[in-house]
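What follows is calculated from the coordinates using simple rules that are stated; it is not laboratory data. Keep in mind it's a predicted model, so treat the numbers as computed, not measured. Don't worry about glycine lacking a Cβ; one is built from the backbone with ideal geometry, like all the others, and counts go over all protein chains shown.
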Amino acid sequence: MAENKFVKSSYERAFSAWFSEYEQERRHQKKRKGSRLTGFPEPPASPENIAHMLEQIGVKKALATLGVHRSTIARWLAGKAVIPRPSWLLLVLMAEGRLPGMSEDWRDFRFDGDTLCQIGTRIHYTAREIAGWPYQLEHSRALARRVVALEKEKAHLLKVGYFEAANDALIAV
């Protein structure tokens with residue numbers, strides 16, 4: 001009996017369906033097949049890739065974060081089930097510490113829990129600090145305007161004032 005070359009395993013069928021969105025985006029951007037798209041991490045080519053990610057993260061942390069049962073992860077690792085796209089993206093985020101599709105400008109930054117850290121420094125920002133940046137910028141602009149106004153006032157006072165003693169604020173000449 002001849003073996004059918006076109007019969008795919010359930011893993012391969014589910015894998016191809018899982019990345020149909022990836023293929024649609026690739027076609028939309030008119031990229032060649034196999035080219036890497038910005039914003040899409042590389043798909044797991046085999047269950048070994050998933051196992052490698054889980055080694056980096058830790059199975060307990062992955063179970064808690066993904067909210068799946070350990071038997072689900074066992075099925076992913078055995079190749080009996082394909083990891084859902086959101087779960088894979090979350091594993092990539094946890095392992096790399098950066099969002100998929102981030103440009104090279106963000107290469108020196110890493111997410112550590114709920115903070116954004118700059119690698120090799122002690123600089124880190126929480127979400128609340130980042131959300132407050134527009135207010136801090138506006139506050140610094142207001143302070144700069146106040147400094148300009150005070151410098152004008154100082155120049156005016158130095159023109160009209162005669163300051164002999166510390167307790168004589170303004171004496172007309």
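Brief remarks on what is shown
- With 0.36 nm allotted per residue and the present C-alpha distance subtracted, the LEU157-ALA131 stretch has 5.3 nm of extension available.
- Built amide H within the under 5 Å cut-off of LYS80, gap 5+: none
- Rough spin-label spacing in nm, given labels placed 7 Å along Cα→Cβ, for GLU138 and ALA74: 5.6 nm
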